[in-house]
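Down below is the structure, laid out as structure tokens.
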Amino acid sequence: MHEANRQLRRGADPQIGRERGRARELTALNVDVHDERGLHLAVREHERSRHEIGGLGVRMQRCREQHHDREQAAHGATVARVLVALALVAALAACQHDTADKPSAFYNWDDRQVHCAINLDTYARNDIDSIKAGLDRALDRGEVIELYAHDPGRTVEWEKIEAVLAAITSRGLPYYTYADFVGGAEPGPGVALSFDDAYIDHWLTGSELYAQYGARLTFFIAYVDNLSPGQRAALHELAARGHAIEAHGIDHLRAPRYVEEHGLAAYIADEVAPSIELLRADGFDVTSFAYPYGARTAEIDRAVLEHVPLVRSVSFTWTSPATDPCPH
């Protein structure tokens, strides 16, 4: 990376572009719906509110017995907050969509350059039946379903990962990496399964599981300039096992926000180009870039596609008050 680019990043407001600590700042009823980690935090807080209900009847009776207006008013406010939280949880559950109903996450071999994947992490509430429905669609229509997760064992249970792999195997679906799409793979039904960010040690622990099911995965790597020698060695081991190593940025920046604050050229220079160049310099044949949080615009797509043949965004399986980042 050029020294001027490093100085730009160091001089920027750490709250602009650097997303590592944003989830801690989100409150339960103030959700940034583009930030999946923020959604996870909010949903957990809302579900925790459910446990308060059991004691509400007791508190109401106590308030009536004491005839204390102040406590009664405070209690009423508590009830209102719980009801609002429960209503939001119910709305999230009611607005969930089946994986098979999200056409943007299925590649039909139309040579598109902007791909989208559906989240498998627990907080996305995308259960195994929904995923199986998506696999059935891919098999029936000759499409590739695109799925992704982050940190196996934490953001998604290993049991769910194995259940997905088993469902793929039972349907005889082959695996495609994003490098396969770029390289002109033979069209047909299949699965593109990827992991994002830099949970490299955890990814590596699943190597035997992947091999058991014949899975070839794509690993999109963020924080490329801050990887330890052990992490770099682990990436090479994953590549040697047939998996693809692709770019996911230097600082996991939210592209539209950073472009608005610093300009498109700065986003490419600070986030995109160095993440690709560093991986290539380390021996990886980078063919694609996954947007952090899936956040993108058509303008940003055009700029990033000057550096790689393919970009990957995400598609929501829930109704959001914000726009789904996947192009339609």
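The values are calculated or read from the model by the stated rules, or taken from the named source; none is laboratory data. Keep in mind that what you see is a predicted model, and the values were worked out from it rather than measured. Cβ atoms come from the backbone with ideal geometry, glycine included; neighbour counts cover every protein chain shown.
Observations on the structure shown:
- Of the residues making up region 282-299, those that are touching a Phe, Trp or Tyr at 6+ places or on another chain (Cβ under 7 Å) and not polar (S, T, N, Q) number 1.
- Cβ-Cβ distances below 6 Å connect the following pairs, each with a first residue in region 203-215 that is in contact (Cβ under 8 Å) with a residue 24 or more places away in the chain and in the same structural domain as Leu238 (by TED's automatic domain parsing), a second residue that is in a helix (DSSP H, G or I) and surrounded by 15 or more Cβ atoms within 10 Å (Cβ to Cβ), and a separation of six or more residues or different chains: Leu204/Ala234; Tyr213/Leu165; Ala215/Leu165.
- Single match in Asp196, Asp151, Asp180, Asp225 (criterion: among the acidic types (Asp, Glu), surrounded by 15 or more Cβ atoms within 10 Å (Cβ to Cβ) and more than 23 Å from Phe316 (Cβ to Cβ)): Asp180
- Evaluation of Arg312 against (1) without any contact (Cβ under 8 Å) to a residue 12 or more places away in the chain; (2) assigned to a strand (DSSP E or B); (3) of a type outside the set (S, T, N, Q) (one fails), failing number: (1)
- Selection within region 229-275 - farther than 23 Å from Ala298 by Cβ and basic (Lys, Arg): Arg232, Arg241
Table: residues versus (1) surrounded by 24 or more Cβ atoms within 10 Å (Cβ to Cβ); (2) in contact (Cβ under 8 Å) with a residue 40 or more places away in the chain; (3) of a type in the set (Ser, Thr, Tyr).
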position: Phe220; (1), (2), (3): yes, yes, no
position: Gly230; (1), (2), (3): no, no, no
position: Glu260; (1), (2), (3): no, no, no
position: Tyr267; (1), (2), (3): yes, no, yes
position: Pro274; (1), (2), (3): no, yes, no
position: Glu277; (1), (2), (3): no, yes, no
position: Ala281; (1), (2), (3): no, no, no
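- Residue within region 303-326 that is acidic (Asp, Glu), within 21 Å of Tyr107 (Cα to Cα) and surrounded by fewer than 21 Cβ atoms within 10 Å (Cβ to Cβ) present: yes
- For the residues Tyr123, Tyr107, Tyr175, the requirement of being in contact with a Leu (Cβ under 8 Å, 6 or more places away or on another chain) and buried (at least 21 other Cβ atoms within 10 Å of the Cβ) singles out Tyr175.
- Unique match (being surrounded by fewer than 18 Cβ atoms within 10 Å (Cβ to Cβ) and either out of contact with any His (no Cβ under 9 Å at 6 or more places or on another chain) or of a type in the set (Asp, Glu) (or both)) among Thr287, Thr297: Thr297
- Region 176-271 holds strands (runs of 3 or more DSSP E) entirely within its bounds, and those carrying 1 or more residues that are among the polar types (S, T, N, Q) and within 16 Å of the chain's Cα centre (by Cα) map to 190-197, 218-221.
- Region 278-301, subset of a type in the set (D, E, K, R) and closer than 16 Å to His328 by Cα, residue farthest from the chain's Cα centre (by Cα): Glu299
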